[in-house]
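Peer 1: Handing you this structure, nothing more for now.
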Amino acid sequence: VEAGQVRVEREPTDVAALIEQCWSAVAGRAQARNLRRTIAADGVGTVALDRAKLRLVLSNLLENAVSYADDDGDIAIAATIDGRTLHLTCDNSGCALPADDAPK
């Protein structure tokens, strides 16, 4: 991407709606494990960005967040905009690691 070899197709995208769409793919698994989610993206609105590439990133983040959270955990997704820069965060409450695995 940095070398300019990947084409970016910008189009107006409702970021909150895209997050919800990506969440729907993992919602069943999250619900089965009693994972609670919060999404904070209401102030972002519509942004010109490459929807397909952002969908890939969001899907990967959410898949990992659901996969690596302990049952009854929390997942928080947030989007903010600063000028022309979109900031995304995806956090989960984590998982319990055996002490032997922590250094790995």
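The values are calculated or read from the model by the stated rules, or taken from the named source; none is laboratory data. The structure presented is a predicted model; accordingly, all values stated were derived computationally and were not measured. Virtual Cβ from ideal backbone geometry, glycine too; neighbours counted across all protein chains shown. Ligands, DNA and RNA are excluded from the accessible area calculation, which covers all protein heavy atoms including side chains. Shrake-Rupley method; radii C 1.70, N 1.55, O 1.52, S 1.80 Å.
Peer 1: Name the single residue, out of those in region 4-30 being open to solvent by 80 Å² or more (accessible area, probe 1.4 Å) and in a loop (DSSP other than H, G, I, E, B), that is farthest from Val66 (Cα to Cα).
Peer 2: Gln5
Peer 1: Can you name every residue in region 15-29 that is free of Cβ contacts under 8 Å to residues at least 24 places away in the same chain and either of a type outside the set (D, E, K, R) or closer than 18 Å to Asp50 by Cβ (or both)?
Peer 2: Ala17, Ser24, Ala27, Gly28
Peer 1: Contact list please: Cβ distance under 8 Å, first residue in region 90-104 and in a loop (DSSP other than H, G, I, E, B) and at pLDDT below 90, second residue open to solvent by less than 80 Å² (accessible area, probe 1.4 Å) and acidic (Asp, Glu), pairs at least six apart or on different chains.
Peer 2: Ser93/Asp70; Ser93/Asp74; Gly94/Asp70; Cys95/Asp70; Ala96/Asp70
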